Amino acid sequence: MITTRETERKARQDRRFISKETQTSAKYLRRIEELSGAPEGMEPFLETLGRIYVDMKGVDTGRKTIGTYCVMAPQELIYAAGAVPVKLCSGNYTAFFVGDDIAPRDACPLVKAVAGFKQTGLMPVYEDCSLMIVPVTCDCKKKIAGMLSEQCNVMTMHIPTSKGDDEIDEFVSQLYDMAARLEDVTGTRITYDSLAEAFRITGRAQYELSEFIRLKKEKPYLIRGTHAMTIMNSAAYMPAEDWAAALHKVNASLKSRAKSGQLVTNKKLPRILLTGSPIVFPNMKIPLLIEEMGGIVAGDETCMGERGLYDPPVITDDSFDGMIMALANRSLRPCPCPTFADNTQRIYRLKQLIKDNQIQGVIYHVLRGCLVYDFEYKRIEEELGQLGIPVIRLESDYNEEDVEQLRIRIEAFIELIKLRQEPGKRSTARREI
């Protein structure tokens, strides 16, 4: 029997959690807002993140919400079932500390934050989900799926380690299972017409993103990378049609800047590519440090960035089965996630981004305990070294105790890039900064 004293103690703990969580999120939103060069039209994205993490509200659309933990769970099926997808990967510091007492010491901070949110039950965007879909891309995701299933409705998806035809066929069967689960949860049947409409909705978002990526490549700079990453993070909590409409206004602002010659800065800033473990709000310390230390995030290859909408599905068979096959192919074949055994595509994708975005240095971000990404670092360093591109590995956690160490290493990395660009002063220094 729960006593009054225990109830009061729980209420005090909840108030402390909410206070710390909202303070941290508000601080990072303020830092993003204070960063110079924000384009017109940023308000809906900032307001979305503020509503979720500062006001502690859910996604208010009048429709059921379905939580996902990976870009490999196709949004189109969720929209076709009359629901709205939300990405539940979080960079929340306070939830991470709660989860630190639940998950093993060496589990990654993203998984600890998820465990912390479910333990407290105080985050509406988590509590409102009618179903949580967990594609198993690592051992931690597998265990978190089991932990979540004790508290809510969970579906796990097996992600194959290769991309052959047999693996694609197996994934197709999982998408049919996903469709059936969604129909049970929402009470809405997924039909040819509803799936085609879902393709139209996500297609609009993919088109606006392609325009955004094109404008982001412009040199000199039309937008800071931190603002671009904020826009991409907000997509986790906005219906695709609303996000696309808001991004359309930002794109119009960037086109106006390009036409008038209005730049983010007149300085020649080193162009940095961020790759590795996802950068998830409010854990925005690394992109903020890069741009506060005199660099610019010109590319973001993380799965909370452009990867989620980068590759639209290609329909070669205009039928319901053909659309499902297109979703399976899109989810797996172009995906550079390190969960796959052969990651040649990932190397190719990084080289393509470096060329397209005129990248001068790569920051490889590793969340502590994220082995699948950490395992890839050595090969990527060797491959990019052959191109003369400096690479630095930054390991971080969901706290602010490492900010000064990160600041020193990022500043030194940026200075190295600047030195390499000066005629007659190309540095041959090693990249272990």
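Of all residues in segment 157-199, exactly one satisfies the criterion of being closer than 16 Å to Val84 by Cβ, small (Gly, Ala, Ser) and in contact with an Asp or Glu (Cβ under 9 Å, 6 or more places away or on another chain), namely Ala198.
For segment 49-74, give me each residue that is among the hydroxyl-bearing types (Ser, Thr, Tyr) and over 14 Å from Cys89 (Cβ atoms). Within segment 49-74, Thr61, Thr65 meet the criteria. Looking at segment 165-172, is at least one residue among the aliphatic types (A, V, I, L, M), in contact with a Ser or Thr (Cβ under 8 Å, 6 or more places away or on another chain) and either part of a loop (DSSP other than H, G, I, E, B) or surrounded by 14 or more Cβ atoms within 10 Å (Cβ to Cβ) (or both)? Checking segment 165-172: not a single residue is among the aliphatic types (A, V, I, L, M), in contact with a Ser or Thr (Cβ under 8 Å, 6 or more places away or on another chain) and either part of a loop (DSSP other than H, G, I, E, B) or surrounded by 14 or more Cβ atoms within 10 Å (Cβ to Cβ) (or both).
So which residues in segment 296-327 are in contact with a Ser or Thr (Cβ under 9 Å, 6 or more places away or on another chain) and over 30 Å from Leu35 (Cβ atoms)? Passing the criteria: Pro312, Pro313, Phe320, Gly322, Met325, Ala326. The set of residues from segment 350-409 being among the hydroxyl-bearing types (Ser, Thr, Tyr) and either under 20 Å from Gly299 (Cβ atoms) or modelled with pLDDT of 95 or more (or both) comprises Tyr364, Tyr373, Tyr377, Ser396.
Any residue in segment 340-353 that is crowded, with 19+ Cβ neighbours inside 10 Å and under 28 Å from Phe96 (Cα atoms)? Checked against the condition, which is being crowded, with 19+ Cβ neighbours inside 10 Å and under 28 Å from Phe96 (Cα atoms), segment 340-353 yields at least one hit. Listed by first and then second residue, the pairs linking a residue in segment 88-106 that is without any contact (Cβ under 8 Å) to a residue 60 or more places away in the chain to a residue that is part of a helix (DSSP H, G or I) and among the basic types (Lys, Arg), with Cβ atoms under 7 Å apart and 6 or more places separating them unless they lie on different chains, are Gly99/Lys112; Asp100/Lys112; Ala103/Lys112. Scanning segment 65-102 for residues that are part of a strand (DSSP E or B), hydroxyl-bearing (Ser, Thr, Tyr) and under 17 Å from the mean Cα position of the chain (by Cα) gives a single hit, Thr68. So is Ser130 closer than 16 Å to Ala73 by Cα and either in contact with a strand residue (DSSP E or B) (Cβ under 7 Å, 6 or more places away or on another chain) or surrounded by fewer than 16 Cβ atoms within 10 Å (Cβ to Cβ) (or both) or not? Taking the combined requirement at face value, the residue satisfies it. The number of residues in segment 33-60 that are closer than 19 Å to Ala236 by Cα and outside any helix (DSSP H, G or I) comes to 9. Any residue that is charged (D, E, K, R) and surrounded by fewer than 16 Cβ atoms within 10 Å (Cβ to Cβ) - is there at least one of those in segment 291-301? Yes, the conditions are met somewhere in segment 291-301.
Looking at this structure, is Ser194 of a type outside the set (A, V, I, L, M), at pLDDT 95 or above, assigned to a helix (DSSP H, G or I) and under 26 Å from Pro135 (Cα atoms)? The answer is yes for Ser194. The single residue among Ala252, Ala298 that is of a type in the set (A, V, I, L, M), closer than 23 Å to Lys355 by Cβ and not in a loop (DSSP other than H, G, I, E, B) turns out to be Ala298. Counting residues in segment 111-123 that are closer than 30 Å to Tyr176 by Cβ, assigned to a loop (DSSP other than H, G, I, E, B) and at pLDDT below 85 gives zero. Across segment 235-253, a minimum of one residue is classified as surrounded by 22 or more Cβ atoms within 10 Å (Cβ to Cβ), farther than 30 Å from Glu127 by Cβ, touching a residue at least 40 places away in the same chain (Cβ under 8 Å) and in contact with a Pro (Cβ under 6 Å, 6 or more places away or on another chain). Listed by first and then second residue, the pairs linking a residue in segment 359-381 that is closer than 21 Å to Lys112 by Cα to a residue that is in a loop (DSSP other than H, G, I, E, B) and small (Gly, Ala, Ser), with Cβ atoms under 6 Å apart and 6 or more places separating them unless they lie on different chains, are His365/Ser277; Val366/Ser277; Leu367/Ser277; Gly369/Ala107; Cys370/Ser277; Tyr373/Ser277. Can you go through Asp60, Asp100, Asp106, Asp139 and tell me which one is modelled with pLDDT under 90, surrounded by 18 or more Cβ atoms within 10 Å (Cβ to Cβ) and either of a type outside the set (Val, Ile, Thr) or over 16 Å from Val280 (Cα atoms) (or both)? The match here is Asp100.
The values are calculated or read from the model by the stated rules, or taken from the named source; none is laboratory data. Keep in mind the model is a prediction, meaning the values are calculated, not measured. Here Cβ is always computed from backbone atoms with ideal geometry, including for glycine, and neighbour counts include all displayed protein chains.
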